[in-house]
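Take a look at the structure below.
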């Protein structure tokens, strides 16, 4: 990767991936783009930033030509809960936006990364150790757009030779950026409420098991896949990746080990619960391990320690809570 364009750069993944990419490849070689302008001075001033609407091919052409892009990391999308409330907009952004960038990748001979999700599976998919290749009949607009995106990326590789690659992300946990409207967001919000109030109301049932991953693992997975030897990639697109699976009750128990008086209660949001129930409990990521050497580094105990330490420091800086020691 020499000149990298990142869309959705101000989102949960993008805002952290930009920092890591610039550290690895140089500030000037990573072009951050979004449909809104950054308020973070560090992101704004550390390298190129362009306003870019994925729905406008003219915007895309201009940026591609100015920076001579050779790799596109296309993160711009609406997440699961938001997409379910705005299905038409989700299709426009998640599918039509991807199509525009696939066309740009074809025209300018670029590699392209597309993030899929556990949301690409549905109730007919095996719930435990969901295989890399299995039935995909999602029940949400978000899932429909992700399956469509996977198929489009496969088509552009087979039909036009575009170097498309992608991951099926589980829920992502991060202290750096606020959640963006996903069903798994509770696993981030719980730490803020635990530290500030020692109490959290969860919108999922206590026994809802979902795949999760800590953001540093997710960033590393993107970079390792894009740097992988293409001759080893049998699947190329939509690799299952996972690091851990847990329920809200199990996460709460892990937090109690550090904050003994923490309490969790449940007030189920049926829309999000139905989405979560249609998703896998755990993915089988053996293809990613075999084809490009994927290995997660963070498990639940380590993530819990890290999140409590980092979130408490962040809140202390904002003068919202005292620092809690590990």
| field | Orientation-averaged projected area, Cα convex hull of the range 1-129 (nm²) | value | 9.1
| note | Applying the gyration tensor rule to the Cα atoms of the range 86-219 (axes a ≥ b ≥ c; rounded if a/c under 1.5, else prolate if a/b exceeds b/c, else oblate), the class is prolate
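How fast does the chain diffuse by Stokes-Einstein, in µm²/s, taking the Kirkwood radius from C-alpha pairs at 37 °C and 0.692 mPa s?
Translational diffusion coefficient: 163 µm²/s.
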| note | By the mean-Cβ-within-10 Å protection proxy, highest first, 261-273, 19-31 rank as 19-31, 261-273
| Among 255, 35, what is the fewest-to-most ranking by other Cβ atoms within 10 Å? | 35, 255
| field | Angle in degrees between helix 14-25 and the longest Cα principal axis of the chain, rounded to the nearest 10 | value | 60
| Ranking of 158, 189 by count of other Cβ atoms within 10 Å, fewest first | 158, 189
| query | To the nearest 10 degrees, how steeply does helix 215-227 sit against the main Cα axis of the chain, on a 0 to 90 scale? | reply | 20
| message | Please give the Cα centre distance for the range 1-59 versus the range 215-263, rounded to the nearest Å. | response | 23
| remark: Relative contact order in percent for the chain (Cα pairs under 8 Å, 6+ apart) equals 17
| Of the beta bridges DSSP finds with both residues in the chain, what % are antiparallel, to the nearest 5? | 10
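Neighbour counts of other C-beta atoms within 10 Å: give me 177, 201 arranged from fewest to most. Could the numbers behind the result be given before it?
Details: 177 17, 201 13.
Ordered by Cβ neighbours within 10 Å, fewest first: 201, 177.
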| field | Helix axis angle, 186-197 relative to the chain longest principal axis, alpha carbon, degrees | value | 40
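Values in this text are rule-based calculations from the coordinates and carry no lab data. Only a predicted model underlies this, so the values are computations on that prediction, with no experimental measurement involved. Here the Cβ is made from the backbone with ideal geometry for all residues, glycine too, and neighbour counts use every protein chain on show.
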